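The block underneath contains the structure these notes are about, expressed in C-alpha cells.
Each value in this text was obtained by applying a stated rule to the coordinates, not by laboratory testing. Since the structure is predicted, the reported quantities are computational estimates derived from the model, not experimental observations. For neighbour counting, all protein chains shown are included, and Cβ atoms are generated from backbone atoms with ideal geometry for every residue, glycine included.
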Amino acid sequence: MKRPISKLIRPSVLRLKPYSSARDEFKGNSDGMVFLDANENPFGSGLNRYPDPKQNKLRTELAALKGVQVDKLLLGNGSDEVLDLIVRVFCEPKEDNMILLPPTYGMYEVVAGVNNIDVIKVNLKSDFQPNVDAILEEVNDFTKIIFLCSPNNPSANTMLNSSVEEILNNFDGIVVIDEAYADFSTGPGWVDQLDNFPNLIVTQTLSKAYGLAGIRLGMCFASEEIINALNRIKPPYNINQLTQDEALKAVGQQNDVLGQIKEILKQRDELTEALNDLSIVKHVWPSEANFLLVEVDKANQRYNELIELGIVVRNRSSLPGCNNCLRFTVGTEEENQKLIQALNQLK
Ligand SMILES: *Cc1c(COP(=O)(O)O)cnc(C)c1O
C-alpha cells in the first residue's frame, strides 16, 4: 500500500490557515464595483490594483494549451519558485530527505539547502539514464521526493519512459519531473500522465522555448490534491500583473514560438555537425534540448580561451560524468558560427 498524498504533506502545512487576500474574499462579479478593500491607490496607472492571486485567465489559457484541467495547474515566479514550494509542502526540515540524480540542474540542491533538507545523490549512469535499482535502494522512510529532469540539464537527454515509470510505480513518495526543455523534445512528456500517477508532479517554464526568462513564469502540473496543498503556502501575489499580461500575449502568439523552436532545432543540428568536425571536440552528446553537452580535449583551458575570444559558455567539467565537458546553448546562426570560428582558432 502506498502512502496517501495527505500523509506525505507536512502536518504543519495541513494545519495552517492560508492567507486570504482581499481579491480572494470578494468572489462576485467585479463589473461596475467600487473597490475599497485592498488599500490600493485609487488613481489608476493601470498597475495600481493587485494582480489576480489565482491568475485565472492565464491559467485557463495555459491549461487549454497543455491539455490539462485548470485545477491541475499552479503558476510560480519561475519554475524555481515552484520547486521551492514543492519542497516546503512535503519535506520536514532536518527530518526528511530527497533524492537527486547528478549531473543535473543545480537548483534542486540549493532549494534543499535553503530548507535544511538532506540530499541523497544517485549519479546517472554513463549514458545519463537513471540507475533505477540504485535509486530505489536508497529510498528510506524519510524520502519524500525524487527529482528527475527530462530532458536533463546538462546532459540534454530525456529519461527512458520505462525507467521513469518504474520509479513512479515503486517509490512511495512524490516524483517531480522537471520539463524545462520539453518544448525542444520529440517525446510527449509526462503532463498527460497525471491521472495515471497520483504521485507525479511535472514542472515547465516560459523561460526557455518561449523566450521569456525575464518575466519569470513557471508552471506546475499535478493532481488537484497536490495543487491545493501548494496553494496553501503560495505567496498570494506571486505572479505580477506585467508577467500575467506578457504571458497571455505569448500564449496568443503560438506560431511565433513554434517558428523559433523549429529554427533552434535546425541550428542545433548544424552546430552538432560543425562541432563534430573539430579536432578539439571529442564527443557531442545527442540533444533533446536547446543546448549541447560537448566533451573537449581540455575543458578548463578551452572555457577560458573562449572568454578571451568573447564567447561565454558553461563549464560543466566538474560534474559527475561530465569530465572535460562544456555546455553550449544553441544561439542564432550568426552566434553559432562565431562559436565555431573561435573553436577553430584554438590549438
Ligand atoms: C533553466 C531551468 C529551470 C529554470 O526555470 P525558471 O522557470 O526560469 O525558474 C528549471 N529547470 C531546469 C532544468 C532548467 O534548466
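Within the chain, the whole DSSP H helices whose Cα atoms reach 30 Å or more along their own axis and whose mean Kyte-Doolittle score is at least -1.0 are 254-276. The DSSP beta bridges internal to the chain are antiparallel in roughly 55% of cases. Packing, taken as the mean count of other beta carbons within 10 Å per residue, orders the peptides 268-275, 204-211, 304-311 from highest to lowest as 204-211, 268-275, 304-311. Remark: spin-label model distance Phe43-Asn115 equals 4.3 nm, labels positioned 7 Å along the Cα→Cβ axis.
Test of understanding: extend the Cα→C-beta vector of Thr186 to 7 Å, then name every residue of the range 282-317 with backbone N under 19 Å from that spot. Label zone hits: 284-293. In the chain, taking the dipole from charged Cβ atoms about the Cα centre, the farthest positive-side position among Val202, Pro51, Gln337 is held by Pro51. Strictly over 23 Å apart at the Cα level, which of Lys208/Lys298; Lys94/Lys144; Lys125/Lys208; Lys72/Lys234 would you flag in this model? Flagged as over cut-off: Lys208/Lys298; Lys125/Lys208.
Its relative contact order, with pairs defined as Cα atoms under 8 Å and 6+ residues apart, puts the range 180-300 at 23 percent. When cysteine pairs in the chain are screened for C-beta atoms closer than 4.7 angstrom, the residues that find no partner are Cys91, Cys149, Cys220. The residues neighbouring Ala299, those whose beta-carbon lies less than 14 Å from its own, together hold a net charge of +3 under the Lys/Arg +1, Asp/Glu -1 convention. The packing ranking, built from the mean of other Cβ atoms within 10 Å per residue, places the peptides 157-166, 171-180 in the order 171-180, 157-166, highest first. Residue separation of Asp172 and Asn323 scaled by 0.36 nm, minus their Cα-Cα distance, works out to 51.0 nm of gained length.
Based on Cα contacts under 8 Å between residues 6+ apart, the range 5-252 shows a relative contact order of 26 percent. The fraction of Cα-Cα pairs per 20 angstrom bin, counted from 0 for the chain, comes to 28, 53, 18, 1 percent, rounded to whole percents. With each label point set 7 Å from Cα along the Cα-Cβ vector, what nm distance links Glu335 and Glu273? Taking the two extended label points, one gets 2.1 nm.
Summing +1 for each Lys or Arg and -1 for each Asp or Glu, what net charge is found among the other residues whose Cβ lies under 14 Å from the Cβ of Lys262? Local net charge: -4.
Modelled spin-label separation between Asn304 and Val251, with each label point placed 7 Å from Cα along the Cα-to-Cβ direction: 4.9 nm. Could you tell me the distance between the Cα centroids of the range 283-345 and the range 78-121, to the nearest Å? Going from one Cα centre to the other spans 28 Å.
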